[in-house]
Amino acid sequence: MTTVIETQVQYNNTYMMSTTEDYMTQEEDWDRDLLLDPAWEKQQRKTFTAWCNSHLRKAGTQIENIEEDFRNGLKLMLLLEVISGERLPKPDKGKMRFHKIANVNKALDYISSKGVKLVSIGAEETSAKEGLLLWCQRKTAPYRNVNVQNFHISWKDGLALCALIHRHRPDLIDYSKLRKDDPIGNLNTAFEVAEKYLDIPKMLDAEDIVNTPKPDEKAIMTYVSCFYHAFAGAEQAETAANRICKVLAVNQENERLMEEYEKLASELLEWIRRTIPWLENRVAEQTMRAMQQKLEDFRDYRRIHKPPRVQEKCQLEINFNTLQTKLRLSNRPAFMPSEGKMVSDIANAWKGLEQVEKGYEEWLLTEIRRLERLDHLAEKFKQKCSLHESWTTGKEHLLSQKDYETASLMEIRALMRKHEAFESDLAAHQDRVEQIAAIAQELNELDYHDAASVNTRCQGICDQWDNLGTLTQKRRDALERVEKLWETIDQLYLEFAKRAAPFNNWMDGAMEDLQDMFIVHSIEEIQSLITAHDQYKATLPEADKERIAIMGIQNEITKIAQTYGIKLVGVNPYTVLSPQDITNKWEAVKQLVPHRDQMLQEEVARQQANERLRRSFAAQANIIGPWIQTKMEEIGHVSVDITGSLEEQMNNLKQYEQNIINYKSNIDKLEGDHQLIQEALVFDNKHTNYTMEHIRVGWEQLLTTIARTINEVENQILTRDAKGISQEQLNEFRASFNHFDRKRNGMMDPDDFRACLISMGYDLGEVEFARIMTLVDPNNTGVVTFQAFIDFMTRETAETDTAEQVMASFKILASDKSYITVEELRRELPPEQAEYCICRMTKYSGPDASPGALDYISFSSALYGESDL
């Protein structure tokens, strides 16, 4: 405003002096011939009169003649009041000459009070002129055939004026249709449009400008200044609209990120919710094949279904951190996800999933071991039952016979001895029956799927065994009753029977032991079986001696019979065993020994293969485990390294990330070996302390750590660039943090944090330090992380936009009103931002409200208040 007074009032004062000498003093560089030209004086009077009337008409008046109408000073004072917006001292109403002089002096005194010089041209006016010229150059720079270098000949063709209008109101002039060779048409177009649409009176004549070699600089500058003031409000509104659009764009992007986070969190939590019941289903299958299929399904889950969810969880944390950083940088409140969707909620849900997952795997392996044990016991039960049932076949019939009623003494004694041998055999089988019962009981305790048939068969054997005992006792009682009546015995038969029976039992036991099934899980266990078998083989020579002795008894019987002419009828009366039976069983035992040797050697080979699997897995795991730990430590060191820029730190982390990704093939190979180990039913490994679960957890933590660390550096770069923090400042922050991170774990305790702040120049009282701790440790964890420290320091050293700035911008668009209308929003803002505001602004309810008024004050506050999400 002062510039206008300086420019125009100086000209008014100069003109009212009415002397050429004064003009010479003010404009020493003007052309002397131009000053003496009557046409120039006419142009000056016309221009200044039009300029004065453009302001006086706001007060409902105008002037016709400068000399006459300003003579009494009244309209001159009124003009100054309109221009300045201030009240001047009350004018004198008299018509005497001293009254008029007093009014003119009041006007001149007011001008002087504003620092405006009334003679010569000073540096202030030159500065105002240069500022107006620069504004014109900047606005017309994009237009063809326009080159504004001054306020005279640069405006002769009219294109510069048309360009100014088109730049601000392209709807008023079609600049593409203007021609440089039609200056009068261009000037008249500009004059007419300015007067009709911009309320700028016509102060110049096109013909005077075109036909004058050097148009009057003052006149042109006066007219152009009207355009400056006409468009100044529009520029201010444009600036305000740009600020609002920037703020709204930030809010829209933040809302999009919030919605994306909510969607991703919901999907991940839903997947976890669906997966946990599947992992909690512990209904065991009845067969080994079915349980192994469950294990294969679980491996597919680990290999195929879970890895993408691990990546989603990591990306969710990264998105959350990035969103919080953007909110903090734009001076917005922190994002609070929906209930149950916090990062900690997702972490807890994930932890619950992994706990259930671990329990499910342990249950699967336990069930497979149980079924393996069941299958072994069931096969062993069948084998022992078959042997026992084969032995008992016909025994009840023999015990029920009453052949002793018609037998001779010799035959009675033979029957008695035969029965005693049977009793001995029966006692020997008692242990086998108890073994069968014990196996059946264990099968029941392990929930064998066919326990009913096992129980039925076992009960049948036990009932039969009881019946055999009863029949044996009855037959013995009968034989003892008649034994007193008969005395004949053949000692040789008796001796054969006595020695053949235990030897036969030994052979039965040997055959059963040599055919006994076994299950082992280590080299040590199979070696123990081999040792026992070797010890067993060592007894064969003594057994063979006993066989030879028994067969010698039979040979002696034959020899005696032949010697004394005794006719041997039938078999040995004291035993059912014949020499051929002994021979056949002995041959069977000899054949079973090498078969047992082969089975044990095959098992040795299997256990050796399992041992190779253990060693292969251990060799890799013992490398991969420390490698993961080393990489975790290296990433920690890179994240706090201050020797290079953040970009260099980012490049180092990217290289680490690529190296980690390239290392994935080693993890996959280890997974393959682990699968082979599980398929071989190997459940222990003394060669390493690392399990596949340890490696998986470490690998997932490594992937998450490198991704989270890269995200933290990205956020630091984003913070640095958004807040204008220099690399030197960031290095200073990082060096201070590293110095007080005494445990080297990326965190400071409150005492170290206080010492760090003091070292950086903070004067801290207890109340102020408590306030700062609520900012850097809002969850009261008792530690300050590096990211929280950087966030605090950048807030302390950078500027941000505020709700008050946004309110001020809306006030400009609303023409200083306390509310804004829908029409104003749609006129001043792009369609997307305008509709965004219209949908969210509440109705204005102030006393000055008009229909459709919207409350931009509460809307601006809400932008920096609690989030709606």
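The values are calculated or read from the model by the stated rules, or taken from the named source; none is laboratory data. Keep in mind it's a predicted model, so treat the numbers as computed, not measured. All Cβ positions, glycine included, derive from the backbone under ideal geometry; neighbour counts span all protein chains shown. The accessibility values were calculated without ligands, DNA or RNA, using every heavy atom of the protein model including side chains. Shrake-Rupley method; radii C 1.70, N 1.55, O 1.52, S 1.80 Å.
Evaluating A141 against the criteria (1) more than 29 Å from L56 (Cα to Cα); (2) open to solvent by 30 Å² or more (accessible area, probe 1.4 Å); (3) at pLDDT 90 or above leaves one unmet condition, (3). Taken over segment 306-365, the criterion of being over 30 Å from S860 (Cβ atoms), touching a Ser or Thr at 6+ places or on another chain (Cβ under 9 Å) and open to solvent by less than 40 Å² (accessible area, probe 1.4 Å) is satisfied by K306, V310, K313, C314, E317, L353, V356, E357. Note on segment 709-742: among residues that are of a type in the set (K, R) and farther than 15 Å from E647 by Cβ, the one that is surrounded by the fewest Cβ atoms within 10 Å (Cβ to Cβ) is R742.
Residues in segment 698-708 include none that are open to solvent by 60 Å² or more (accessible area, probe 1.4 Å) and acidic (D, E).
Quick grid of which residues meet (1) in a helix (DSSP H, G or I); (2) exposed (fewer than 14 other Cβ atoms within 10 Å of the Cβ); (3) in contact with a helix residue (DSSP H, G or I) (Cβ under 9 Å, 6 or more places away or on another chain):
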position	(1), (2), (3)
S528	yes, yes, no
D534	yes, yes, no
I550	yes, no, yes
T563	yes, yes, no
P573	no, no, yes
K585	yes, no, yes
Q598	yes, yes, no
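Looking across segment 528-550, the residues that are in contact (Cβ under 8 Å) with a residue 24 or more places away in the chain and closer than 30 Å to F683 by Cβ come down to L529, I530, H533, Y536. Can you tell which of E434, E445 is open to solvent by 60 Å² or more (accessible area, probe 1.4 Å), modelled with pLDDT under 85 and out of contact with any strand residue (DSSP E or B) (no Cβ under 6 Å at 6 or more places or on another chain)? The match here is E445.
Conditions tested, residue by residue: (1) assigned by the TED database to the domain that holds Q149; (2) buried (at least 18 other Cβ atoms within 10 Å of the Cβ).
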{"residue": "T222", "(1), (2)": "yes, yes"}
{"residue": "R256", "(1), (2)": "no, no"}
{"residue": "A265", "(1), (2)": "no, yes"}
{"residue": "R274", "(1), (2)": "no, no"}
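Being modelled with pLDDT of 90 or more and among the hydrophobic types (A, V, I, L, M, F, W, C), is that true of even one residue in segment 641-654? Checked against the condition, which is being modelled with pLDDT of 90 or more and among the hydrophobic types (A, V, I, L, M, F, W, C), segment 641-654 yields no hits at all.
Residues being part of a loop (DSSP other than H, G, I, E, B), buried (at least 16 other Cβ atoms within 10 Å of the Cβ) and touching a residue at least 12 places away in the same chain (Cβ under 8 Å) are represented in segment 173-191 by at least one member.
Filtering segment 216-240 to residues that are at pLDDT below 85 and not acidic (D, E) leaves H229, A230, F231, A232, G233, A234, Q236, A237, T239, A240.
Number of residues in segment 467-492 that are at pLDDT below 75, hydroxyl-bearing (S, T, Y) and assigned to a helix (DSSP H, G or I) equals 0. Among the residues of this structure, R708 counts as one that is out of contact with any Leu (no Cβ under 9 Å at 6 or more places or on another chain), of a type outside the set (A, V, I, L, M) and not assigned by the TED database to the domain that holds E634.
Taking the criterion of being over 25 Å from D450 (Cα atoms) and free of Cβ contacts under 8 Å to residues at least 60 places away in the same chain, the residues of segment 274-285 that qualify are R274, P277, W278.
Checking the stated criteria, M517 turns out to be in contact (Cβ under 8 Å) with a residue 60 or more places away in the chain, loosely packed, with under 13 Cβ neighbours inside 10 Å and either within 25 Å of K380 (Cβ to Cβ) or polar (S, T, N, Q) (or both).
Within segment 801-822, residues that are under 13 Å from F859 (Cα atoms) have Cβ atoms under 7 Å from residues that are open to solvent by less than 60 Å² (accessible area, probe 1.4 Å) and of a type in the set (D, E) in these pairs: Y819/D855, counting only partners at least 6 apart in sequence or on another chain. The number of residues in segment 503-519 that are assigned to a helix (DSSP H, G or I) and more than 16 Å from H429 (Cα to Cα) comes to 1. Go through the residues of segment 626-648 one by one and say whether even a single one is more than 25 Å from the chain's Cα centre (by Cα) and either of a type in the set (D, E, K, R) or part of a helix (DSSP H, G or I) (or both). Yes, segment 626-648 has at least one match. Considering only residues that are loosely packed, with under 13 Cβ neighbours inside 10 Å and at negative phi, which ones fall in segment 743-769? Scanning segment 743-769 gives K743, N745, D751, I758, S759, M760, D763, G765, E766, V767, E768. Take the residues in segment 286-301 that are touching a residue at least 40 places away in the same chain (Cβ under 8 Å) and not hydroxyl-bearing (S, T, Y), then tell me which one is surrounded by the most Cβ atoms within 10 Å (Cβ to Cβ). Ranking the candidates gives M291 first.
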